[in-house]
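See structure below.
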Amino acid sequence: MLFLDHIWLIPLLPAFGATMMFFFGRKLQKQAVDAVCVGVVVLAFLLACGAVWQYTAYAHDNPGKPYEKILYTWLGTDTGHFNLVKKDGSPASFQADAGFLLDPLSSIWLLFVTGVGMLIHIYSVGYMAHEGGYYRFFGYLNLFMFSMLTLILGNNYAMLFVGWEGVGLCSYLLIGFYFHRKSASDAANKAFIVNRIGDAGFLLGMFTIAWYFGSFRFTEITALARDPQLFRIGDPVITAACLLLFVGACGKSAQLPLYVWLPDAMEGPTPVSALIHAATMVTAGVYMVARSNALFVLAPTAMKTVAIVGALTAIFAASIGLVQNDIKRVLAYSTVSQLGYMFLALGVGAFAAGVFHVFTHAFFKALLFLGAGSVIHAMSGEQDMRNMGDLHRRIPITHWTMFIATCAIAGIPAGFFSKDEILWQAWSSERGAYWYLWLIGYITALMTAFYMFRLMFLTFHGQPRMSHEVERHIHESPKSMTGPLVVLAFFCLFAGFLGWPHSLGGSNRFERFLEPVFAREAHVFAAEGQSGQLAAGVKEEEHTSGTEYFLMFLSVGAGIVGWGMAWRAYRHADKGYVEPIAQKTPSVYGVLYNKYYVDEGYDYAFTGRRNVGKLRLGAMGLGEASSWFDSRVIDGTVNGAGWITRLTATLSMWWDKWIIDGAGVNGPAIFARMLSYPMRLLQWGLVQWYALVMVVGLVGFVAYYTWH
């Protein structure tokens, strides 16, 4: 168990690379930076592969048991000096370990995070070759990898939160990498602030769990939640905890209404976009909800919330992506939409299907972003698809690899397996009006196919629409950039077959691998939603029904129809082409192009200003009113109270000095001193003087009596 016992080295390796860059990177040559930063990620990937391989043997001997490696106690002590009082009033000795956990769920994340992260590092060597701050960029990438690996390997919520906050910090650094551009620094601030809103909910959810269960460790919480004698379905405290956790997931994984930071994250370098949007930061919320599945299945209200928010986010973002012209922004809204798909799956209890979509999405979305970076590289920095066209002959490797990824995300065929499983689970859940969610998911799939093939036709086909100067310099990217594209294209073609469904004669090995993590939760959720009428066996029988084949046909049909609509609208696009939506429904196009004016609404609500008569509305107006109230009323009251205090203090000081001390204390003393002054003329305190007076007096008396 060499690899398993040293699983803690996996996040430590990129941490070492980041440390080297921050302390010594300025003095290193680019080749040394590449060797250190790319090398540690390659070693982390190899160690991850070895650890997962050994875990499969460990799981064979210990069915359903995760592997834990605890280094030391981080919070609390083994002697119980850090205590808390649980909700039932009983004391509990609280502690959180610096520990690592490997099970099927973390194994999947571990493999694609290190694998895709490694390819993005290699790609960045070519893409960032001529950029300033080269060592700083790779230091941030390594730190990002350390944080993400800590998040997925931590064996408790405290460790997960360390990685959670780490990827938030690194996203701020990477999005704002071009800090001399105001748009980049604004986007970084926006990402950081919006994520802090979600993190507040996550923290409250963590504290609720600690108070209710007396532990942060995943294995302990799962064991307690699965005990029907302790907790029941619909428990209000667990529901509240799950809803608070989901608030955190909405921030990190860009769900309504906290999605607004993700499209603006395009201000960072393209490898950053691929790293954030494909396999790492944005899937952290999905991972956290999937990791907390034992709690969520006890909270049907939270599950419904997850499903509804996911479905609405999916169709909302997909509709915006229909008309965007920046190639990276189209992919950004696509990411938001696909994340909504994942949460839809988790919300209807299809945890394995949701995780499978995360897995396939990691490959085709990373490929799409890296391919977009290759296009931008070839176009000398141009990102507007209206200024592209006819690139398929000039950059063929980029074109064909992006075409494979586009087919995958459209569901032809790789993305078909994960997306179809999500739609099927939404349809077959039979939980009230959940078939509405299936309809939303299906319309979203149709939109996805349309806007992705629109991207392909506007970028690689039609008439050339770029300037002659740009056209003369179009060239294919170097091998350090095209190599990762080819590798990712391979996985886009074949990764989906790991989830080959039962209805098509497969065994869905991906779902079987995840059974120790999700099997019982899926069964509980099905039983709760259908009064116990559905068991696992019945679910399997439904997979062979004619309804599923019909839904499969519709799913593939959506991809083909979207392709055909895009082909018809954009295959001959020339300079000055008109968008079909703008031609037929200009008002709808305006709303979609302006992203439903959500950013303007937020700006109006939180930073904007507007005058109505003498009244200034919006948060800026509210801020100014608050500032006036603060300066005139609050500060005025405080300053007035201070002035009165100073006045009373002056009067009190005068009274004390002149009346109390002067007349009452010092006055009698002065009067006594004045009365004593004549006596002091006689009472000098000198013995010699007293003797002289006595002699003079005696002589005087003798003389007087003698004389008379």
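The values are calculated or read from the model by the stated rules, or taken from the named source; none is laboratory data. What you see is a predicted model; the values in this text were computed from it and never measured. FYI the Cβ positions are ideal-geometry reconstructions off the backbone, even for glycines, and counts take in every protein chain you see. Ligands, DNA and RNA are excluded from the accessible area calculation, which covers all protein heavy atoms including side chains. Shrake-Rupley method; radii C 1.70, N 1.55, O 1.52, S 1.80 Å.
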Sorted peptide list for 326-333, 132-139, criterion being average Cβ within 10 angstrom, highest first: 326-333, 132-139
Segment 133-243 - percent of accessible surface contributed by carbon and sulfur, probe 1.4 Å: 69
Computed label-point distance, nm, for sites Thr706 and Asn387 using a 7 Å Cα→Cβ extension: 13.6
Spin-label pair Asn594/Ala582, simplified geometry with 7 Å Cα→Cβ offset, distance in nm: 1.5
Residue order for Trp427, Trp655, Trp53 - accessible surface, 1.4 angstrom probe, largest first: Trp53, Trp655, Trp427
Computed accessible area, Val638, all protein chains, 1.4 angstrom probe, square angstrom: 90
Solvent-accessible area, 1.4 Å probe, carbon plus sulfur percent, for segment 263-402: 57
Answer label for Cα Rg over 2.2 N^0.38 Å (calculated), chosen among (i) 0.99; (ii) 1.38; (iii) 1.12: (ii)
Total charge dipole magnitude, the chain, about the Cα centre, Cβ charges on Lys, Arg, Asp, Glu only, Debye to nearest 20: 1560
Sites Arg673 and Trp628 - FRET efficiency at Förster radius 45 Å, r taken between beta-carbons, to 0.05: 0.15
Per-pair calculated FRET efficiency, R0 = 25 Å: Lys479 and Leu46 via Cβ, rounded to 0.05: 0.70
Accessible area expressed per residue, the chain, with surrounding protein chains retained (probe 1.4 Å, Å²): 44
Using a Förster distance of 51 Å, the FRET efficiency for Leu651-His6 (Cβ separation, nearest 0.05): 0.10
Length gained when the stretch Ile443-Arg571 is fully extended (0.36 nm per residue, less Cα-Cα span): 43.8 nm
Heavy-atom accessible area ranking, 1.4 Å probe, most first, across Tyr157, Tyr705: Tyr705, Tyr157
Most to least packed among 437-443, 108-114, 648-654 [average Cβ atoms within 10 Å]: 108-114, 437-443, 648-654
In degrees, nearest ten, helix 434-460 long axis to first principal axis of the chain (Cα): 80
With Cα atoms, 0 to 90° folded angle of helix 509-529 axis to the chain main axis: 70
Relative packing of peptides 259-267, 585-593, 160-168, 38-46 - highest average C-beta neighbours within 10 Å first: 259-267, 160-168, 38-46, 585-593
In nm, spacing of pseudo-spin labels at Trp689 and Arg26 (7 Å Cα→C-beta vector): 8.3
Centroid-to-centroid separation of segment 221-266 and segment 440-474 [C-alpha atoms, Å]: 36
Relative contact order %, the chain, counting alpha carbon pairs below 8 Å whose residues are six or more apart: 11
Cα gyration tensor, segment 96-165 - rounded (a/c under 1.5), prolate or oblate: oblate
